[in-house]
Amino acid sequence: MARREIGVGIIGCGLMGRELASASARWLHLLDLDFAPRIIAACDINPAATEWFAANVPSVRLVTDDYQGLLADADVEAIYCAVPHNLHERIYTDVIRAGKHLLAEKPFGIDLAACQAIVDVANQNSDVLVRCSSQFPFGPGPYLISRWMAEGHFGRVIEYEAGFWHSSDLDPNKAVNWKRMIAMNGEYGCMGDLGMHVFHIPGRLGWRPKNVRALLSNIMTERPDKEGRIVPCETWDNAILCCEAATPDGSEFPMLLSMKRIAPGEGNTWFMRVMGTEFSAGFSTKNPKEIRTLEYTPGGEQAWRSLDLPHKPPYASITGSIFEFGFSDAILQMFAAFLDELAHGEDMKQPFACATPEEALASHRLFTAALESQRAAQVVAVE
Ligand SMILES: NC(=O)c1ccc[n+]([C@@H]2O[C@H](COP(=O)([O-])OP(=O)(O)OC[C@H]3O[C@@H](n4cnc5c(N)ncnc54)[C@H](O)[C@@H]3O)[C@@H](O)[C@H]2O)c1
């Protein structure tokens, strides 16, 4: 099979930049694809970050601290960008205007205005593929449940709940970093960090929040910096968003979304639960193989069923069907979806594409309304 090699540049070689490089190096994991990435350029202002790329990614031939170098390189077709949120608008719009396809990290702009500016530039350059990172829907469990949601399996939706919970911020001695500073992370705090992950699936299906009552908590208001000095820790730690939502056919239901940096005991727990009059289903990364379902017919039994799902992600892989799916598998699958869409447009191998700019914008509208709800202690319409 002839294989198209796609030259990829990475801007931001930190936690996520390395994760994408590793996914790229693991391309042999995927079966029967006629496209593959080749990471040829890496950019970071921190020399230690780019040194890791120079040492570990043999295909990299351009290492720079100025992302303009990647934009000027004709062999770079696509860029993955994973930088602090205050840089999203400038770098993403420069990348798109340079005609490079872009897989950009969430929240896709530090605030609503920045996100809108990126979406406007993406719309003006419709020949460039622009997508927002959100990997959890590419796991076998969420993938299956979201397909059921799209097919209307659930009957009338009774309630939708999804969350993304961390706990390392419970440690008051954890040093502050850019993700806990409003200037770099944004006023959204934990919503900017975790919210797109929670919103992606309902957003894709057009399950829209009409309004929100947000409960935002800043539990640790100060932390040590790297030198041990106590400094303000400004951002929201936890967010609970109670929304009145509606499906595209107008059926209304409560949507409960939570994003927490301080959920004691939870380490990167992403979960979704859909309750319906005919069918209910739930998944959590805590039990990555398990999917829980309850099928109901009037007057019948109400019994939850637990199934260990086979390892069957959207893009077939060499992994045996009894093995577990994990975080880096989801990144690999998401990257495959991005490159599949880049290579084949609407004729992708499977139908679930990465999050679109409009979906990211819809998440910003929700988070912006949530900030207002917290300020006013009121229910606020999501425009
Ligand atoms: N999809 C996910 O699960 C996930 C997880 C964590 C973070 N993220 C997102 O990824 C992005 C980056 O987060 P991270 O955890 O990798 O952060 P990080 O701090 O580990 O990495 C960011 C990198 O950007 C570099 N950088 C800063 N300014 C730059 C510039 N002008 N040019 C080039 N590089 C620059 C920094 O030196 C750093 O190495 C954020 O948008 C974050 O929300 C996504």
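Residue check, ASP340 against (1) surrounded by 21 or more Cβ atoms within 10 Å (Cβ to Cβ); (2) within 30 Å of TRP236 (Cβ to Cβ), all met but one. Which one?
Unmet condition: (2).
Within the group ALA49, ALA36, ALA41, which residue is in a helix (DSSP H, G or I), modelled with pLDDT of 95 or more and in contact with a Lys or Arg (Cβ under 9 Å, 6 or more places away or on another chain)?
Going through ALA49, ALA36, ALA41 in turn, the sole match is ALA49.
Among the residues of the stretch 114-141 satisfying the criterion of being among the polar types (S, T, N, Q) and more than 17 Å from the chain's Cα centre (by Cα), which is most open to solvent (accessible area, probe 1.4 Å)?
The selected residue is GLN124.
Are any residues in the stretch 359-381 free of Cβ contacts under 8 Å to residues at least 60 places away in the same chain and either among the hydrophobic types (A, V, I, L, M, F, W, C) or within 13 Å of LYS210 (Cβ to Cβ) (or both), and if so, which ones?
From the stretch 359-381, those free of Cβ contacts under 8 Å to residues at least 60 places away in the same chain are 372, 375-377; that's our starting set.
Of everything in the stretch 359-381, those that are free of Cβ contacts under 8 Å to residues at least 60 places away in the same chain and either among the hydrophobic types (A, V, I, L, M, F, W, C) or within 13 Å of LYS210 (Cβ to Cβ) (or both) turn out to be ALA376, ALA377.
Within the stretch 62-82, identify whether any single residue is of a type in the set (Asp, Glu), touching a Ser or Thr at 6+ places or on another chain (Cβ under 7 Å) and touching a residue at least 24 places away in the same chain (Cβ under 8 Å), and answer yes or no.
So far as the stretch 62-82 goes, no, none of its residues is of a type in the set (Asp, Glu), touching a Ser or Thr at 6+ places or on another chain (Cβ under 7 Å) and touching a residue at least 24 places away in the same chain (Cβ under 8 Å).
Which residue pairs have Cβ atoms under 8 Å apart, sit 6 or more places apart or on different chains, and have a first residue in the stretch 1-27 that is more than 11 Å from the ligand (Cβ to nearest atom) and a second that is of a type in the set (S, T, N, Q)?
Hits for this filter: VAL8/SER24; ALA21/ASN56; SER22/SER328; ALA23/SER328; ARG26/SER328.
If you take the residues of the stretch 95-112 that are away from the ligand (no atom under 11 Å from the Cβ) and open to solvent by 10 Å² or more (accessible area, probe 1.4 Å), which of them is nearest to GLN135 (Cα to Cα)?
Here the residue is HIS101.
Can you pull out every residue in the stretch 290-329 that is open to solvent by less than 60 Å² (accessible area, probe 1.4 Å) and farther than 28 Å from ARG18 by Cα?
If the condition is that a residue be open to solvent by less than 60 Å² (accessible area, probe 1.4 Å) and farther than 28 Å from ARG18 by Cα, then GLU290, ILE291, THR293, LEU294, GLY300, ALA303, LEU309 are the ones that fit.
Please tell me if ALA82 is open to solvent by less than 60 Å² (accessible area, probe 1.4 Å), closer than 21 Å to ALA23 by Cβ and near the ligand (Cβ under 10 Å from one of its atoms).
Working: open to solvent by less than 60 Å² (accessible area, probe 1.4 Å): yes; closer than 21 Å to ALA23 by Cβ: yes; near the ligand (Cβ under 10 Å from one of its atoms): yes.
Yes, satisfied.
Which of the residues belonging to the stretch 196-205 are open to solvent by less than 50 Å² (accessible area, probe 1.4 Å) and either in contact with a strand residue (DSSP E or B) (Cβ under 7 Å, 6 or more places away or on another chain) or not in a loop (DSSP other than H, G, I, E, B) (or both)?
MET196, HIS197, VAL198, PHE199, HIS200, ILE201, PRO202, GLY203
With the structure loaded, tell me whether SER321 is of a type in the set (S, T, N, Q), part of a helix (DSSP H, G or I) and either within 21 Å of the chain's Cα centre (by Cα) or modelled with pLDDT under 95 (or both) or whether it fails that test.
Working: of a type in the set (S, T, N, Q): yes; part of a helix (DSSP H, G or I): no; either within 21 Å of the chain's Cα centre (by Cα) or modelled with pLDDT under 95 (or both): yes.
In short, no.
Taking interchain pairs and intrachain pairs at least six residues apart, which have beta carbon atoms under 6 angstrom, with the first residue in the stretch 204-232 and in contact (Cβ under 8 Å) with a residue 60 or more places away in the chain and the second polar (S, T, N, Q) and outside any strand (DSSP E or B)?
Within 6 Å, the pairs are VAL212/SER373; ARG213/SER373; ALA214/SER373; ALA214/GLN374; LEU216/GLN374.
Could you list all residues from the stretch 31-46 that are open to solvent by 80 Å² or more (accessible area, probe 1.4 Å), on the phi < 0 side of the Ramachandran plot and not aliphatic (A, V, I, L, M)? Working first, answer last.
Narrowing the stretch 31-46 to residues open to solvent by 80 Å² or more (accessible area, probe 1.4 Å): 32, 38, 45.
From what is left, the residues that are on the phi < 0 side of the Ramachandran plot are 38, 45.
Once the filter is applied, which keeps residues that are open to solvent by 80 Å² or more (accessible area, probe 1.4 Å), on the phi < 0 side of the Ramachandran plot and not aliphatic (A, V, I, L, M), the stretch 31-46 yields only ARG38.
Across the stretch 206-230, which residue is surrounded by the fewest Cβ atoms within 10 Å (Cβ to Cβ) among those that are small (Gly, Ala, Ser) and outside any loop (DSSP other than H, G, I, E, B)?
SER217
Given the options THR319, THR285, name the one that is in contact with a strand residue (DSSP E or B) (Cβ under 9 Å, 6 or more places away or on another chain) and among the hydroxyl-bearing types (Ser, Thr, Tyr).
Of the residues listed, the single one that is in contact with a strand residue (DSSP E or B) (Cβ under 9 Å, 6 or more places away or on another chain) and among the hydroxyl-bearing types (Ser, Thr, Tyr) is THR285.
Taking the residues in the stretch 52-64 that are assigned to a helix (DSSP H, G or I) and in contact with a strand residue (DSSP E or B) (Cβ under 8 Å, 6 or more places away or on another chain) as candidates, determine which candidate is most open to solvent (accessible area, probe 1.4 Å). Show your work before the answer.
Taking the stretch 52-64 and keeping what is assigned to a helix (DSSP H, G or I), we get 52-56.
Narrowing further to those that are in contact with a strand residue (DSSP E or B) (Cβ under 8 Å, 6 or more places away or on another chain): 53-54.
On the way: PHE53: 0, ALA54: 65 Å².
The extreme case among them is ALA54.
The values are calculated or read from the model by the stated rules, or taken from the named source; none is laboratory data. Values in this document were obtained by computation on a predicted structure and should not be read as measured data. Glycine also receives a Cβ, built like all others from the backbone with ideal geometry; neighbour counts cover every protein chain displayed. Note: areas computed on protein heavy atoms with side chains; ligands, DNA, RNA excluded. Shrake-Rupley method; radii C 1.70, N 1.55, O 1.52, S 1.80 Å.
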